[in-house]
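Peer 1: To start, I am sharing the structure in question, which I have written as structure tokens.
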Amino acid sequence: MFQRDVLFPWATVGANIGFALRAAKVPRAQRRGRIADLISAVGLAPDVVHKRPHELSGGMRQRVGIARALANSP
């Protein structure tokens, strides 16, 4: 079955990735830098971190989902 949204629509991209980092018990002081690293690792511009999911294209949303999955260092 196709899952439409894996991101919280009310949260920014940075917050969506931050939730995964918080679940992985990454200290708060390190989260901002780790979010920036993950955003650039999936090929997104740094300014995307302040946008909400509805402001992104489908491909960009997928990249955010990938960054969120990589946040836990699988």
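The values are calculated or read from the model by the stated rules, or taken from the named source; none is laboratory data. Keep in mind it's a predicted model, so treat the numbers as computed, not measured. Virtual Cβ from ideal backbone geometry, glycine too; neighbours counted across all protein chains shown. Just the protein is used for accessible areas: all its heavy atoms, side chains included, with ligands, DNA and RNA removed. Shrake-Rupley method; radii C 1.70, N 1.55, O 1.52, S 1.80 Å.
Peer 1: Per residue, how much accessible area does the chain have with a 1.4 Å probe, in Å²?
Peer 2: 69 Å²
Peer 1: Continuing with the same structure: Expressed in nm to one decimal, what extension gain is obtained for the pair Lys25 and Lys51 from 0.36 nm per residue of sequence separation less their Cα-Cα distance?
Peer 2: Details: separation 26, 0.36 × 26 = 9.36 nm, distance 2.41 nm.
Between Lys25 and Lys51, full extension yields 7.0 nm more.
Peer 1: Per DSSP H run of at least 4 residues, take -39500 (n - 2.57); add these up for the chain, divide by its residues and hand me the 222 nm value, nearest 500 deg cm²/dmol. Numbers along the way, then the final one.
Peer 2: On the way: 3 runs with 38 residues, N = 74.
The per-residue figure over the chain is -16000 deg cm²/dmol.
Peer 1: Which percent of the accessible area of segment 25-68 is formed by carbon and sulfur heavy atoms (probe 1.4 angstrom)? Can you show the working numbers first?
Peer 2: Values: 1530 of 3000 Å².
Summing carbon and sulfur atoms, their accessible area is 51 percent of the total for segment 25-68.
Peer 1: Compute the signed sum of charges (Lys and Arg +1, Asp and Glu -1) over the other residues within less than 13 Å, Cβ to Cβ, of Leu38.
Peer 2: Numbers: positive: Arg31, Arg32, Arg34, Arg63, Arg68; negative: Asp37.
My count for the surroundings of Leu38 gives +4.
Peer 1: Right, something else. Only Cα pairs under 8 Å and at least 6 apart count here; give the relative contact order of the chain as a rounded whole percent. The partial results should precede the final answer.
Peer 2: Numbers: 66 pairs, mean separation 33.2, N = 74.
Across the chain, relative contact order equals 45 percent.
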